[in-house]
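We did not get these values from a lab; they are worked out from the coordinates using the rules stated. Given the structure is predicted, the values throughout are model-derived calculations rather than measurements. Cβ sites come from the backbone with ideal geometry, for glycine too, and all protein chains shown count toward neighbours.
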There are 2 protein chains.
Amino acid sequence: MTDHIPRGDRSASCDELFKALSDATRRALLEYLVREGEQSVHALTAISGVSQPMVSRHLGKLKRASLVTARRSGRETYYTARAKGLAPVVQWMAVYGALWSQRFTALEDLGGY
Amino acid sequence: MTDHIPRGDRSASCDELFKALSDATRRALLEYLVREGEQSVHALTAISGVSQPMVSRHLGKLKRASLVTARRSGRETYYTARAKGLAPVVQWMAVYGALWSQRFTALEDLGGY
DNA sequence: CCATCCCATAATCGAACGGTTATGAAATGG
DNA sequence: CCATTTCATAACCGTTCGATTATGGGATGG
């Protein structure tokens with residue numbers, strides 16, 4: 001409330017976000033977390049197709065990009081997709097997508113071409 | 001009309017798009033094209049902060065990602081931001097952003113900033 | 001014509017990246 | 001306790017990437 005500008009420390013920069021999303025394996029992990037909810041590294045490794053250390057590193061990047069959060073319980077670490085993480089990218093798309101459509105008067109119906 | 005799914009041949013894959021958007025210089029070029037409209041490589045080089053060959057290569061990537069089009073006129077090449085290029089990413093965001101918001105019932109301060 | 005301008009490509013370099021195996025550190029369970 | 005599970009980190013390798021300088025090839029204009 002005291003905070004009009006929501007540029008919190010947990011909000012990643014657009015650059016970091018786009019970089020995090022630019023890898024297919026990372027997106028697959030993220031998509032799985034979105035669809036299935038909180039998952040352990042073990043479970044994510046099972047469906048990722050890459051080694052466990054690689055999964056950990058990918059999750060680390062997603063975490064640094066504020067796209068996931070980690071919860072440690074015993075010897076397992078559970079990762080969860082973070083809701084507000086995509087906000088900066090959504091905003092970027094809104095700004096440039098909007099200007100874009102506006103400039104071209106939306107002769108594109110997104111479905112028609 | 002025969003085509004319900006907008007998966008046209010000129011539409012780049014999500015992977016290619018995210019990769020194209022993952023570089024700050026490339027995004028700056030794209031943003032400039034969106035704001036200022038069609039520009040020559042010369043003009044883009046002037047505002048990019050990198051060398052002309054690098055601008056050409058960045059534009060090449062944006063073009064391969066279907067985010068810009070090129071028009072050659074004499075010895076100059078004019079690049080234009082392409083409206084429909086962002087569609088796959090917008091769709092991706094819609095799908096996962098939606099599920100996300102739904103799951104967390106949030107999207108709370110997205111309007112705040 | 002010839003010098004010039006605009007652009008693209010080639011060669012090259014260092015940094016970053018995705019991936020692997022090996023190792024180590026906690027927590028769990030028999 | 002000791003073996004095992006779970007995860008993270010380290011060391012390493014090949015590839016990709018961003019960026020540079022150098023080169024070449026078309027248009028342009030004196």
**Message:** If a residue must be more than 15 Å from DNA strand C (Cβ to nearest atom), hydrophobic (A, V, I, L, M, F, W, C) and either closer than 16 Å to residue B:12 by Cβ or assigned to a strand (DSSP E or B) (or both), how many such residues does the stretch B:66-99 contain?
**Reply:** 8
**Item:** Among (1) buried (at least 19 other Cβ atoms within 10 Å of the Cβ); (2) within 14 Å of chain B (Cβ to nearest Cβ); (3) at negative phi, the one test that residue A:66 misses
**Value:** (3)
**Message:** When you check residue B:65 against the structure, is it touching an Asp or Glu at 6+ places or on another chain (Cβ under 9 Å), farther than 23 Å from residue A:16 by Cβ and not hydroxyl-bearing (Ser, Thr, Tyr), yes or no?
**Reply:** no
